[in-house]
Every structure is written in C-alpha cells, then in structure tokens.
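So the structure is just underneath, and the comments pick up after that.
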Amino acid sequence: MRIETNSSPQASTLDDQRNAARPPQIPNPKSRILLEATPEDHHIARLAAVALGLTVLEAAIPSPLPGVKPGLANIVVLVVLARYGWRAAAWVSLLRVVAGSLLMGSFLAPGFFLSLTGALCSLAVLALGMHLPRRWFGPITHSILAAYAHIAGQMLVVYQWLIPHAGIAYLLPIFAAAALVFGTVNGLVAAQFMDNGKPSHPEPQP
C-alpha cells in the first residue's frame, strides 16, 4: 500500500515565509570570547584592591585643605615597584585611579583627571628613579619624589584648566610641605613592609 501526500503551492508558500521569518541559526550558540587570566593578573588585581581600599579609607579622612591627602595607596605602589617592577606598579596605580573614581562617582569629573595626572607623573618619576643608584635612592626617596611629581602634575592641571590664576602659586609651599611629610611617612611604611617580606630587586624597566 502506498500513501501519497499532495502539497499545494499555497502550503509551500506559507512554509517558505515561516522559514524566512525565523532568525538565523548560530552554528555554535555556546561560543563566546574567553579571556584567560594568568596568576600574575590575579595578583595585580588583589594588590589593586588593597590600594583601592586605602583610597576609600583616605576619602573618609577629613582634610584641612582640599587636595592635601596622605596618599596611603602610594604605599602599595611602592611595595609593588620594589618587588614586581614598574609595569606591575603602573597597573596597580592606574587600576586604583579608575576603579576608585567609579566607586566614588567621580569618573571623568575634574577630580578624576587630577588623580590620573598625578598618578601618571608619579609613575614617570618612579620609572626614572629606578635607574638611580640603590645605595642613595631607596623607597623613602622614591616616595618623596613621587609625591612631588604628583602634586606638580595636579597643580599644572589646576592652573591650565580649572583656576588659570597666578594666585595658586601661594599654595605651592603648603602642598610642597605636605608632599614632603606624607612622602616621607609613606616611604618609611613601605620600607617596613619590604623589610618584613621577601623583597626582590627587579631589573629596571623602561
């Protein structure tokens, strides 16, 4: 016995329309882009999280003058610089600036650009400081130089963008004194952490 099925042209037209209306099928719907993180990436992320926590803690400390802060996160940057090199320190510093601004709602605000400029200037000075003789230039000296570079970069942005007035020059002695004090204290704390740990001496990186 044979069963024959007669399909009308109208039914074929309806089937074609349904097939055309269906979305295109993805060959492998589970395919996705995977970014593999190395142990070094996890380590840098943890160090950046510590620096971020210190940044949040610092934001809660009242300051007698806007812009005068102890810079507690720089302690982490100095320790990372001594143990893992300039590149890791740059990652920690920049991640701290970006994540901190997102967390406190100041991303792309003037405060963000001030922090970013200060961090970039500090990193540039630290990159040069790594080539100085270790006998005379250690974490305390690096901390002081980075603090001066940080405040110099911020004052330049303030003068060129926010307050283009020569009167801000009267604030330079105050900021310079604060950079000296906080830079020395942060350098001493960072040196203490380096002595308690197992510091290594990476080769200077450009």
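At-a-glance table
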read-out: Listing of helices (runs of 4 or more DSSP H) fully contained in the stretch 1-102 that carry 3 or more residues being over 17 Å from Val189 (Cβ atoms) and modelled with pLDDT of 80 or more; value: 39-59
read-out: Total residues in the stretch 56-109, condition farther than 22 Å from Arg46 by Cα and touching a residue at least 40 places away in the same chain (Cβ under 8 Å); value: 4
read-out: Matching residues, the stretch 128-170, being in contact with a Pro (Cβ under 7 Å, 6 or more places away or on another chain) and part of a helix (DSSP H, G or I); value: Leu162
read-out: Counted residues, the stretch 179-199 - those being more than 18 Å from Leu132 (Cβ to Cβ), at pLDDT below 90 and not acidic (Asp, Glu); value: 5
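The values are calculated or read from the model by the stated rules, or taken from the named source; none is laboratory data. Keep in mind that what you see is a predicted model, and the values were worked out from it rather than measured. Quick reminder, even Gly has a Cβ in these numbers, built from the backbone with ideal geometry, and neighbours come from all protein chains shown.
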